[in-house]
1. Could you look through segment 1-18, keep only residues that are part of a helix (DSSP H, G or I) and in contact with a Leu (Cβ under 8 Å, 6 or more places away or on another chain), and pick out the one that is farthest from Val118 (Cα to Cα)?
2. Determine whether Ser113 is surrounded by 10 or more Cβ atoms within 10 Å (Cβ to Cβ) and either among the hydroxyl-bearing types (Ser, Thr, Tyr) or at pLDDT below 95 (or both).
3. Any residue in segment 111-121 that is under 12 Å from the mean Cα position of the chain (by Cα) and of a type in the set (Ser, Thr, Tyr)?
4. In segment 111-148, what residues are in contact with a helix residue (DSSP H, G or I) (Cβ under 9 Å, 6 or more places away or on another chain) and in a helix (DSSP H, G or I)?
5. With modelled with pLDDT of 95 or more, of a type outside the set (Gly, Ala, Ser) and touching a Pro at 6+ places or on another chain (Cβ under 7 Å) as the only criterion, which of Leu44, Leu6, Leu10 stands out?
6. Any idea which residue in segment 116-158 is nearest to Leu56 (Cα to Cα), counting only those that are surrounded by fewer than 12 Cβ atoms within 10 Å (Cβ to Cβ) and polar (S, T, N, Q)?
Amino acid sequence: MKKKTLRDFLIALSEFPHMPDWGNLREAVAQLNLSYETGYQTVLVFDGASQLVGMLTQGDILRGVAPHFTEHSETGAAVFRDDPVDGGGQSRMMTPIREIMSPARAIGRTDDSVFQGVHLMLEQGLSLLPVSSAEGAVIGVVRMDDLFHEITNRVLKL
């Protein structure tokens with residue numbers, strides 16, 4: 001039986017949300033909304049030289065909007081708003097994503113084994129791993145869910 005590599009679980013970049021680092025929060029939210037049905041919850045972020053520079057997660061987006069979820073009373077206690085769009089939330093949506101994205105922490109290679117990919121993901125606390133070609137260009141991603149499924153199925157067949 002041929003050992004599987006990350007290539008076997010690759011979601012092509014053309015099928016995954018991605019955008020340039022000069023894009024704004026509103027555009028990133030639109031990207032994620034378009035891919036809602038796929039379950040993708042992250043946008044890959046590339047610089048002008050097409051190099052991966054970060055990943056924008058739902059958490060990053062919510063933290064980007066977070067100042068508009070709360071106000072502080074005179075005592076310093078947080079007062080939560082019902083609508084983050086009130087009080088400047090719309091202008092915050094124009095924030096460049098490079099200001100709120102998480103930096104790219106790890107990149108797998110297409111010929112890495114499933115176990116190498118899982119190791120990188122566990123080591124870096126990732127549920128999604130960008131994957132590069134032999135030439136070094138990011139060509140897609142693998143998801144922890146898919147690698148987990150592969151490993152646990154192999155264990156059950158032992």
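The values are calculated or read from the model by the stated rules, or taken from the named source; none is laboratory data. The structure presented is a predicted model; accordingly, all values stated were derived computationally and were not measured. Using ideal geometry, Cβ is built from the backbone for each residue, glycine included, and neighbour counts are taken over all protein chains shown.
1. Residue satisfying both the conditions and the ranking: Leu13.
2. yes
3. Within segment 111-121 (the criterion being under 12 Å from the mean Cα position of the chain (by Cα) and of a type in the set (Ser, Thr, Tyr)), the answer is no, since none of the residues qualifies.
4. Answer for segment 111-148, where residues must be in contact with a helix residue (DSSP H, G or I) (Cβ under 9 Å, 6 or more places away or on another chain) and in a helix (DSSP H, G or I): Val114, Phe115, Gln116, Gly117, Val118, Met121, Leu122, Met144, Asp146, Leu147, Phe148.
5. Result of the check over Leu44, Leu6, Leu10: Leu44.
6. Filtering segment 116-158 for residues that are surrounded by fewer than 12 Cβ atoms within 10 Å (Cβ to Cβ) and polar (S, T, N, Q), the one nearest to Leu56 (Cα to Cα) comes out as Gln124.
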